[in-house]
1. For the stretch 402-441, which residues satisfy the criterion of being modelled with pLDDT of 80 or more, in a loop (DSSP other than H, G, I, E, B) and crowded, with 17+ Cβ neighbours inside 10 Å?
2. Name the one entry in 123, 100, 145 that is closer than 25 Å to residue 54 by Cβ, open to solvent by 20 Å² or more (accessible area, probe 1.4 Å), among the charged types (D, E, K, R) and in contact (Cβ under 8 Å) with a residue 12 or more places away in the chain.
3. Identify the residue in the stretch 12-41 that is under 29 Å from the mean Cα position of the chain (by Cα) and either crowded, with 20+ Cβ neighbours inside 10 Å or at pLDDT below 90 (or both) and, among all such residues, is farthest from residue 377 (Cα to Cα).
4. Tell me, which strands (runs of 3 or more DSSP E) wholly within the stretch 226-307 include 2 or more residues that are modelled with pLDDT of 85 or more and under 30 Å from residue 425 (Cα atoms)?
5. Checking residue 117 against (1) in a strand (DSSP E or B); (2) at pLDDT 90 or above; (3) of a type in the set (D, E, K, R): exactly one of these is not met. Which one?
6. Could you tell me which numbered condition residue 217 fails, if it satisfies all but one of (1) open to solvent by 10 Å² or more (accessible area, probe 1.4 Å); (2) part of a helix (DSSP H, G or I); (3) more than 23 Å from residue 179 (Cα to Cα); (4) at pLDDT 80 or above?
7. Report, by residue number, each residue of the stretch 124-158 that is touching a helix residue (DSSP H, G or I) at 6+ places or on another chain (Cβ under 8 Å), within 22 Å of residue 353 (Cα to Cα) and either modelled with pLDDT under 95 or not β-branched (Val, Ile, Thr) (or both).
8. Count, please, the residues in the stretch 155-176 that happen to be more than 21 Å from residue 360 (Cα to Cα), within 23 Å of the chain's Cα centre (by Cα) and open to solvent by 20 Å² or more (accessible area, probe 1.4 Å).
Amino acid sequence: MSEFISGLRYQGVTIASLDGKKKLDLTNSILGIHYYEDILSPCITMTMDITNGYSIFNGLPIRGGESVSMEIETGSGTFKLDGEKALYVYKVSGIDAQRKAENFTLHLVSREGLTNETIRCEKKYKKASVDTHVKDILKNTLKTKKIGTIEGTSNSYSFIGNNKKPFHTLTWLGPKSISKITKVTGVSGKNETAQAKGTAGFLFYENYDGFQFRSIDSLVSNTQLQSKSSNKENIFKYRQTPIGEITANDPSNNFKILNYSFDKNIDLMKALRVGMYSNKTYFFDLYSNTVDIYKYTLKDEIKNATKLGGADSIVVSDEFGDSVTRISFRTSDKGVLQSDGTVVESGRDNADLAKSFSRYNLLFTQSLNISIPCNIKLKVGDIIYCEFQRVERANSGEVDHEQSGNYLIAGLHHQFAPGGSKMITYLKLVRDSYGLYGPNQ
């Protein structure tokens, strides 16, 4: 059996009262812990199943907002959440105290998840690079020290907070941001001949390392070995193993795929509805009373962009790839942000949303769910390499070069539970193209 599956020891799990004067050790009361990260969620969450012979709920008492710290030894390393990383109770469910034992589930979230509900972005954010605004909101509004990778943007932006919540604003800035590694940007032409060039789109999320603001292009480019990038991350390699072929005391068991299923593979109808392949934006300039029409064709702009798979281009019929299937209407904001009405633009790209929703939808072209032995070193936003066997009656064990390759971790769920086979990591993986690129290619 894998040591990643069976190795578990609670070094300490404690909950502190609201005033911090009282702490209870939950180590011997835990039935199971479930830890969650999601690339589309601004903060991490956790649930903890508790059982005890006396009332913890009323004994502490637990009323919401209590901090929970923990240190867990696993086969893949130490999982530690304390200090700035401590989680906070936001809900208690399933309370049952009728069988001479109290059972309930604690629902936990990072401190910033609660703070986000109490504060707003109130000021005017003067024209600056988008990453500058992200750092400002994290540091001065959310007042967090858990700032991870905040990727620089090539475009500047000015906006008014409008009393929106910090997480809403940070997520809202993502589609308006263009990465510095994007080779082609902006728009070309005017009137009806205008073209939107390049790609756009950032993701804001929290993982174990803190809050991240990263472009889709960088998430895939920094890990592609064919790009010979000097800053590529270490990639864990996992292999599908037929049922019955896991042998005892084999270290390679730690990196075997236990189960997998494809959540999504092809959905041409949805791709056409959202305008993934080709879309058009009508842009009205309120100051000059002119209209520009920007067409965006993904297959032309993605040729030189980085992708997770080995495909050279987006494979789609010309009938669908060149036909405009979504039309958007936007207006300029010249003069809106200046008290005297002078013509100053916010800095946004006229077709930034058209580019970003094409890129977002392309990233989620393939969606795959797998379960593996618990590996706490994995985080959302990381890339892993998965190798699947070709489906054949003869079970030759040959690699499926279309489905295998690099995948982006979009969702993560660690299950910590005592017992022989309960230490599992569940992953939701996505990628934007087919074809094999792996550590040995």
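The values are calculated or read from the model by the stated rules, or taken from the named source; none is laboratory data. Owing to the predicted nature of the structure, the values given are computational and were not obtained by experimental measurement. All Cβ positions, glycine included, derive from the backbone under ideal geometry; neighbour counts span all protein chains shown. Accessible surface is based on the protein model in full, side chains and every heavy atom, while ligands, DNA and RNA are left aside. Shrake-Rupley method; radii C 1.70, N 1.55, O 1.52, S 1.80 Å.
1. 403, 404, 423
2. 100
3. 15
4. Correct list: 236-240, 259-264.
5. It is condition (1) that residue 117 fails.
6. Unmet for residue 217, out of (1) open to solvent by 10 Å² or more (accessible area, probe 1.4 Å); (2) part of a helix (DSSP H, G or I); (3) more than 23 Å from residue 179 (Cα to Cα); (4) at pLDDT 80 or above: (3).
7. 125, 130, 133, 151, 152, 153, 155, 156, 157, listed by residue number.
8. Qualifying residue count for the region: 2.
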